[in-house]
Structure formats: structure tokens, C-alpha cells
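In what follows, a single structure is set out as C-alpha cells and then discussed.
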Amino acid sequence: MEKLFGTDGMRGEAGRFPLDAETIYMAGQSLARHLGARPENARRCPLVVTGRDTRESGRWIERALIDGVRAGGAECESAGVMTTPGVAYLTRALGADAGVVVSASHNPYEDNGIKIFAPTGRKMDDATELLIEADIHEHRRAREGATHAGGAGRRLEASAPGRAGFAADASSLPAPESDGAESGASGLAARYLDFLAEEIGRGLRLDGLRLVADCANGAASQLAPELLTRLGAHVITVNDRPDGRNINRECGSLFVERLGEVVVREGADLGVAYDGDADRALFCDARGRVVDGDATLWALANYLEARGQLTGRRVVATVMSNLGLELALKSRGVELLRAKVGDKYVLEELLATGAALGGEQSGHIIIPSVSLAGDGLITTVFLLRAMRESDVPLGRLTEGFTRYPQTLVNVRVAEKRPFEDVAEIMEEARRVEDELAGQGRLLLRYSGTEPLARVMIEGKRQGEIEQLAERLASVISRALGGA
């Protein structure tokens, strides 16, 4: 059975399976039915909260989702255009049974996706996603069977013992301007904004601070400037006019260097760049230098540690986080724990260890005491509070973290055998590690979506690590039959 949900929800090209209207309808109906089957919902109707980013496909995908949820017997409230972490917050705050955000994060506008949150604000458990996948595939098999039998176009119920039936004729769903699903959207947005300003930002004043906010023409286009202005900052906003197709287009967190140019030109104190659904944030200091997720973790770790709030003196990052972060934290007596790439795995490690701070280079930062979702707006408020309470500019907060040179080589392979099973690869890897002599780091991994092996090496000298990476890449290519 084809897996539809990845580590970051179900994602693809809008209009094509599994991001076509019928499949989204099925996903919504399946989710509602399974929520309704839970013991705690025996005497009540489940509630699902939805939201979307600014892609032109977002409205009809959310419409299909809402119709499916209601057909499955659940109530639905839409927050309209809302950040991914905003939907996670509202799910928790409203006591909803699930939250669904329609977004493809930093991808171009042609793509879209759905991500499901549990009542805790954490991503929905794998078991529920597997049930939804099974329902979708069962429906497709039944629909194909009906088509082959000459029954295309009629309504069909595909059911199995213990499994809900589904209406197959959902490929052309109505998309009215409004049926009340978004009637409370402005109120939900205001509730999230109040949470950010009054709880996360309590006591923080940014008067006199001049900053640039790049909203990526995405879900933060109204929320970010409203929040920062409410806290007293003078906000210069760029890329805050979404038209359905310009989300992430040469702007936002994928093009943070351009933000640095604006910061310098405007004489601002710093800049912040979000991605399309604002679950990540990257920064630039007053000199236009990029402050990525690793540097943000360093600054926040020092801030929390100084206040006795860095539980266990641990920070969670990923295998891709720079060696310089690990060494800088070690110099302060703080341990860096490494998880697999993906904020899902960072959160798992945070919850397993009780650590207070985690994140990725890309700007996903999670502070579990306030949110189990990476939230670019929360990250912004925390970093600004660190600046204000320390009374130093952003550039000073990141001092002490020296980024090691890094190189990444992709090697096309014919098979993805475990590296430890290939003697010549392991022998060369050991030689590389010996030459790094404890002053660098080697990471070997396969791409999750392409026939590629990735060789990542960090060390003190760029030229040296590039030579080592190319040498190991050649061995991998010979051993695994790369074309």
C-alpha cells in the first residue's frame, strides 16, 4: 500500500492524487469517522479546526476537507488563512479533537498538503494516519472496480467490517463563497494573536526597535506585523501581499540573504524571515549577517541557561546541525543531542529527554514548555526577549558560536545497501575520520526520496573537507553502482 503521509503530513502537487478534491474529501471523512469512534466521543460530536496558507489551491482544498469532515459526522471550524503552528495552538486551546492545516510550507505554490494535529497541538499519531491511508486506498480500489463494472458516476459505498463507508462521487465538490465555516475566522486569528502578544510576549516591550519582517507572501503576512507592532516595534514589512502564486517566490526563509540587504539598507536592528506557513524563522543581524537555526539555538540556549530554564543542560538538534554548535555548547557544559532530520524527530527527543529547547538549521525551533509545534512567531518573540533582557544586539547574542566549514556531496547509487554492510565504504569512512582527527565530523546517509547517498563532512579547512568528501564519494559510487 502506497504511503501517503510522510514526516510532515501528506503533500504533493495540488489537483493531483493525493492532493485532488476527492482524496482530500475522503481524508476528511475518514478522520471524522475515526475520531467519532473513539470512546471519549461516544456522547459528543467531534470538533475539527482547519486553516490554510495563501496558495490559490488552499481554498478549494480546505472546502473539500470541510465537506468530508462534516460528511463523516464531525463539526468543523475554519480559521481561514492561518499559520501551521497557529492551527496547532487553536486545536489545543479550543479542546478540538483534531486540527488540519492546508499548506506545503516552503514549497512553491503549485504544491499543497495537509497536516493533522492532535488535541495536544502535536502532530497526529501514526496509527490514525495509517487508518486514513487505508480508507483512501480502499475507496480507490472500490471506485476502480465500479468503473470497470460499468458503474462509473453512481454513488458507491465501499465498506469493510468495522470501517466506515464513503461516498465516491466527490471529485467535483461545490465551492461556495461561504457556508459559515469561516464565520469565526477573524475571532480565531485574534485569539492566536492574543496568545502570542499577551502570554508569550507578556511584559516584553520593543519600543525603539526597528526591524524588517519578510512574510514570504504567506500565512504570516498579517499576523507577524500585527504582533510585532503590538509589542512596540517599528516594523518594515516586505513580501506581505500574497496573490495565491507568489508564496515563497524568491522571498522568505529560503532567500534570507536578500533580507539582510534590506536590513542594511533600512538601517534596521535586525530582520526576520518566515516561510509560507511560518513554522520556521531565520534572522539577520544589523550587519545583514544570517542567523540560522543553529545560531538561534545557541543564543536561546545561553538565554535560558542564564535563567536556570535549560532543563538538564541539554539542547536537541539534528544530525545536520553544525559541529560548531556542538562544540560551543560543550564549552558551556551543555550537551547537544542529535535527532534525525525533521521537526517530528526533534520533538520526540525533546519529550523523551525532558529538554527545554530544540530545533533545526532551517529555523524550526521548538520550546515545548509553550508549544509542541515549531512556531516562527514564538521563536521571534523569544529571541527578541533575549535581546531586550540581555541589552545586547542580535550580533552579540550569537558570539561564541563559530560555524565549521561544511561540504555536502550527493552520489547517485543503484541500490541503498546499509553502509555498514559494504566493507570498502566503511574502510574509507574510517580513514576519513582518522584524518579529521577529532576536529571534524562525517555523516553518511541516504536520501529519503531519491537514489542518492549523501556525504556530509565538517572540518576546519574547506579545501581539505572537500577533498575528503570527493574521495569517499568515489568509493561509494564504485561500490554501489552509481550511474
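Selection of helices (runs of 4 or more DSSP H) fully inside segment 249-346 by the criterion of at least 2 residues being assigned by TED's automatic domain parsing to the domain that holds Ser369 returns 293-306, 323-331. Give me a count of the residues in segment 372-405 that are crowded, with 20+ Cβ neighbours inside 10 Å and of a type in the set (S, T, N, Q). The number of residues fulfilling the criteria is 3. Are any of the residues in segment 429-439 among the basic types (Lys, Arg) and either within 16 Å of Val319 (Cα to Cα) or under 26 Å from the mean Cα position of the chain (by Cα) (or both)? No - not one qualifying residue is present in segment 429-439. With respect to being in a helix (DSSP H, G or I) and closer than 28 Å to Gln439 by Cβ, Leu351 falls outside the description. Please give the number of the condition Glu77 fails out of (1) more than 18 Å from the chain's Cα centre (by Cα); (2) under 22 Å from Ile136 (Cβ atoms); (3) crowded, with 21+ Cβ neighbours inside 10 Å. Failing condition for Glu77: (2). Against the test of being touching a Phe, Trp or Tyr at 6+ places or on another chain (Cβ under 8 Å) and not assigned by TED's automatic domain parsing to the domain that holds Asp214, the options Asp53, Asp97, Asp67 yield a single qualifying residue, Asp67. Restricting attention to segment 257-302, and to residues there that are crowded, with 22+ Cβ neighbours inside 10 Å and β-branched (Val, Ile, Thr), which single residue is nearest to Ile365 (Cα to Cα)? Selected residue: Thr296.
The values are calculated or read from the model by the stated rules, or taken from the named source; none is laboratory data. All of these numbers come straight from a predicted model, not from anything done at the bench. Neighbour counts run over all protein chains shown; Cβ positions are idealised from the backbone, glycine included.
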